[in-house]
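Worksheet for the structure shown next.
The values are calculated or read from the model by the stated rules, or taken from the named source; none is laboratory data. Since we're looking at a predicted model, the values are computed, not measured. Cβ placement follows ideal geometry from the backbone for every residue including glycine, while neighbour counts extend to all protein chains displayed. Accessible surface is based on the protein model in full, side chains and every heavy atom, while ligands, DNA and RNA are left aside. Shrake-Rupley method; radii C 1.70, N 1.55, O 1.52, S 1.80 Å.
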Amino acid sequence: MKKRFMTANQESWEVLKHRSREMRHNPTIAEKIIWNAIRKRAFGYSFRRQHVIGYYIVDFLCLECKVILEIDGESHDNKQEYDAARDEYLEGLGYHVLHITNEEVLSYADLATQRIIDFLKQHSQKCESHSYLWIISPEFGGEREGAKLVPHPDLLFNCPIPTFPDGEGD
């Protein structure tokens, strides 16, 4: 039987479930990039996206190590007090919150991903350091939008990454 976690009371769930579903179906480009990086236990943990906790919807949640990842876009620019109160509430429930800006994800995705790995390691003994490689897939319609994070081939097959002379292997 699948584990079930109740992170919201029935009243707040009824109010927020449709908004949560809508947000899952219409993610920002930065949220797509991070979701592709963390989905399917890429870092050894399972994440949920747009998950209701209390009266809030968090971008990404790992229930196992109680880590919340927030990808902050322009909508957060003038909401510092709201975000601080929200973080205080979530931290009061035992969650650890990491904020990453859209700009950081879009401009420095590898550094944003490393921040997530470091944050997970800081808040859990189970997280181990892994080497990762960005794979850009043009069929998703953009250089960053189609980015996927996968384990480094050396980790999977115990073989070096092939290198090609200029012009070959493109």
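Structure summary
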| item | result |
| --- | --- |
| Length released on extending from H25 to E81, taking residue separation times 0.36 nm less the Cα-Cα span | 17.4 nm |
| Inter-site label distance for E64 and Y108 at 7 Å from Cα along Cβ, in nm | 2.8 nm |
| Rg/Rh ratio calculated on Cα atoms of region 32-79 (Kirkwood radius) | 1.00 |
| Area of Y55 that stays accessible when all protein chains are in place (1.4 Å probe, Å², to 10) | 130 Å² |
| Region 45-87: trypsin sites (Lys or Arg not before Pro) in DSSP coil with no more than 16 other Cβ atoms inside 10 Å | K66, K79 |
| Gain in span if fully extended, Y89 to R41, counting 0.36 nm per residue against the direct Cα distance | 14.6 nm |
| Other-chain or far-sequence residues with amide H under 5 Å of H96's (modelled H) | V67, I68 |
| Fully extended contour minus Cα-Cα distance, from V15 to H99, at 0.36 nm per residue | 27.8 nm |
